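Heads up, the thing below is written out as structure tokens.
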Amino acid sequence: MAQQSGEKALKACLYAMGKRVVIGHSLFEFAQMLAEEDKEFLKIMNPAKRLDRYYIPTRYPNGLPGGMPFQVYTQEDLNQAFTDAKAVVERAREFLIKKGVLP
């Protein structure tokens, strides 16, 4: 869910930039595109990279070589994912406010 919320937030920013077709799921790639217009997105590159690692293994039963996500991920993983998602969503919120999309 942390990866998905970051993905939705960054896609909203790309749409606010005028993009009409946004394909993919990589927060890192979206952040790179956004950094071309707003260098502040460079600050979330590492959180975006970390969240991208959750895209497949947390969603699909065969995404891990063994075990299920609830067996493999730890509380520390959850805490880091939450912190990373918070950073991404906050950066997106600030951008959308600057663009006049959010009050």
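Only the coordinates and a few stated rules stand behind these numbers; no lab work does. Given the structure is predicted, the values throughout are model-derived calculations rather than measurements. Note that we place each Cβ from the backbone using ideal geometry, even for glycine, and neighbour counts take in every protein chain shown.
Taking the conditions exactly as written (under 21 Å from ALA31 (Cα atoms) and not in a loop (DSSP other than H, G, I, E, B)), does ASP77 satisfy them or not? No: the conditions fail for ASP77. Within region 46-54, identify whether any single residue is closer than 17 Å to ARG91 by Cβ, over 9 Å from the mean Cα position of the chain (by Cα) and of a type outside the set (D, E, K, R), and answer yes or no. For region 46-54, residues closer than 17 Å to ARG91 by Cβ, over 9 Å from the mean Cα position of the chain (by Cα) and of a type outside the set (D, E, K, R): present. Among the conditions (1) free of Cβ contacts under 8 Å to residues at least 24 places away in the same chain; (2) farther than 23 Å from GLN75 by Cβ, the only one that LYS43 does not satisfy is (1).
Residues of region 53-103 that are surrounded by 14 or more Cβ atoms within 10 Å (Cβ to Cβ) and in contact with a Lys or Arg (Cβ under 7 Å, 6 or more places away or on another chain): GLN80, ASP84, ARG91. Could we say that GLY63 is on the phi > 0 side of the Ramachandran plot and either out of contact with any strand residue (DSSP E or B) (no Cβ under 7 Å at 6 or more places or on another chain) or assigned to a loop (DSSP other than H, G, I, E, B) (or both) here? So GLY63 does not fit the description; no.
Would it be correct to say that ALA16 is buried (at least 17 other Cβ atoms within 10 Å of the Cβ), touching a helix residue (DSSP H, G or I) at 6+ places or on another chain (Cβ under 9 Å) and under 17 Å from ILE97 (Cβ atoms)? Quick ask: steps written out before the conclusion?
Values: buried (at least 17 other Cβ atoms within 10 Å of the Cβ): yes; touching a helix residue (DSSP H, G or I) at 6+ places or on another chain (Cβ under 9 Å): yes; under 17 Å from ILE97 (Cβ atoms): yes.
It is true that ALA16 is buried (at least 17 other Cβ atoms within 10 Å of the Cβ), touching a helix residue (DSSP H, G or I) at 6+ places or on another chain (Cβ under 9 Å) and under 17 Å from ILE97 (Cβ atoms).
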